[in-house]
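Below is one structure, written out as structure tokens; the observations come after it.
The values are calculated or read from the model by the stated rules, or taken from the named source; none is laboratory data. Quick caveat: nothing in here was measured; it's all calculated off a predicted structure. Positions of Cβ are generated from backbone atoms using ideal geometry, with glycine treated the same way; all protein chains shown enter the neighbour counts.
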Amino acid sequence: MGRPAAVPGERRTRDRILDAAINLFARDGFDQTPVRCIAAAVGLTEGAVYRHFPGKEAILGAILAYAEECVYAPLPVETGLGGDGASVFEGLLAPLPAIIEANPVVVKIMRILYIEMFHNEKVRRFFRAEFMERADDHLAGLFGRCIELGTIRDCDPRELASVFNAFRSEWAFKAYILDGEAGVDPEAARDDLRAAIRFFERMLCPKECADDTEIDRRTSP
């Protein structure tokens, strides 16, 4: 017998397994979530899950791969380098709330990373490599091009990247993780970004790159 025809709009079983795993890992933790619980959440047998993933570590690996895609999806500023009159700092920070709020699964993956990296070596290596080292390299290259163009003052682009990336990580943790989903205050998150944009611009832009009104507009929902 051939495979039954897919029901229009039906999501792939693999994606449903990943969604269930993300929900459970974010709520209960990786170690506390057996494969049978993931299977039950999707309405499958445990054996059916193993037909898609060889084990729980493979499920975690797929989640980390998706997190990497989200982190390095290019923002417009990375190709235009603020050509619309906005500073590179505004271009990197202002879109973050809308991006995160448009894809709630990102917050759950962030929660998994922040919780698991303290006792899961695979997650710790991933976080260090992708969210720290690679992110610093990526930003250093971007800031270096901005220095060449004269849109930010001469400085060490790698040191700037490290400081900027540290702020961005701290902001995400404070805004979306620290108090849990019930504690998220989108407007407070935007206020923090407005203040940070002004700080980076006043410290590093040769002149004011965008007035407060423009910043307010760009960080509004």
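Note on the stretch 188-204: among residues that are hydrophobic (A, V, I, L, M, F, W, C) and in contact with a helix residue (DSSP H, G or I) (Cβ under 8 Å, 6 or more places away or on another chain), the one that is farthest from Arg168 (Cα to Cα) is Leu204. Going by the conditions given, is Cys146 more than 17 Å from the chain's Cα centre (by Cα), part of a helix (DSSP H, G or I) and in the same structural domain as Ile99 (by TED's automatic domain parsing)? Yes, satisfied. Where helices (runs of 4 or more DSSP H) fall entirely within the stretch 22-99, those with at least 1 residues that are at pLDDT below 95 and among the β-branched types (Val, Ile, Thr) are at 56-71, 77-80, 88-93. Determine whether the stretch 127-135 contains at least one residue that is under 21 Å from Glu201 (Cα atoms) and at pLDDT 90 or above. Yes, there is a match, as at least one residue in the stretch 127-135 is under 21 Å from Glu201 (Cα atoms) and at pLDDT 90 or above. Of all the listed residues (Ala161, Ala135), the sole one being touching a residue at least 40 places away in the same chain (Cβ under 8 Å) and surrounded by 16 or more Cβ atoms within 10 Å (Cβ to Cβ) is Ala135. Out of contact with any Asp or Glu (no Cβ under 7 Å at 6 or more places or on another chain), surrounded by fewer than 20 Cβ atoms within 10 Å (Cβ to Cβ), farther than 26 Å from Arg27 by Cβ and at pLDDT 90 or above, is that true of Cys146? Here the answer is no, as Cys146 does not meet what is asked.
Just the residues that are more than 29 Å from Pro186 (Cβ to Cβ) and either part of a helix (DSSP H, G or I) or touching an Asp or Glu at 6+ places or on another chain (Cβ under 7 Å) (or both), please, taken from the stretch 100-127.
Residues of the stretch 100-127 more than 29 Å from Pro186 (Cβ to Cβ): 119-122, 124-125.
Selection gives Glu121, Lys122, Arg124, Arg125.
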